[in-house]
1. Say whether the condition of being modelled with pLDDT of 90 or more, within 12 Å of the chain's Cα centre (by Cα) and part of a loop (DSSP other than H, G, I, E, B) is met by at least one residue in region 46-65.
2. Does region 8-45 hold any residues that are assigned to a loop (DSSP other than H, G, I, E, B) and of a type in the set (Asp, Glu), and which are they?
3. Can you list residue pairs whose Cβ atoms sit under 6 Å apart, with the first residue in region 6-31 being on the phi < 0 side of the Ramachandran plot and the second being of a type in the set (Ser, Thr, Tyr) and surrounded by fewer than 14 Cβ atoms within 10 Å (Cβ to Cβ)? Count only pairs 6 or more apart in sequence or on different chains.
4. From the set of residues in region 10-39 that are farther than 16 Å from ALA52 by Cα and at pLDDT below 95, which is surrounded by the fewest Cβ atoms within 10 Å (Cβ to Cβ)?
Amino acid sequence: MGTALNRAHDHDAIVEVLVGGQWLTGVVAGVDGYGVVLVDAQNDHSVVRMDAISAVRVPGRLAEHQIEARDLYDASVC
């Protein structure tokens with residue numbers, strides 16, 4: 001899972017992580033061996049321990065109703 005999150009971080013991709021039976025969606029703002037920081041469409045940050053993540057999903061394409069990953073990432077650094 002760490003590799004998928006690192007690659008998503010490198011490419012500003014939107015990811016979904018399964019934590020406690022709930023999917024969290026966002027751009028990976030930071031990742032290390034202990035956890036990941038996700039920034040969602042409302043610019044909310046979620047800090048999740050790596051050992052709490054059951055699955056990582058990286059959508060191949062974004063649906064039209066989803067925002068572009070680059071726009072979400074740019075908003076998170078402002």
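The values are calculated or read from the model by the stated rules, or taken from the named source; none is laboratory data. As the structure is a computational prediction, the values presented were derived from the model and not from experiment. Here the Cβ positions follow ideal geometry from the backbone for every residue, glycine too, while neighbour counts run over all protein chains shown.
1. no
2. Filtering region 8-45 for residues assigned to a loop (DSSP other than H, G, I, E, B) gives 11-13, 20-21, 32-34, 40-44.
Correct list: ASP12, ASP32, ASP40, ASP44.
3. That search, which allows pairs on different chains as well, returns LEU18/SER54.
4. Per the criteria, the residue is ASP10.
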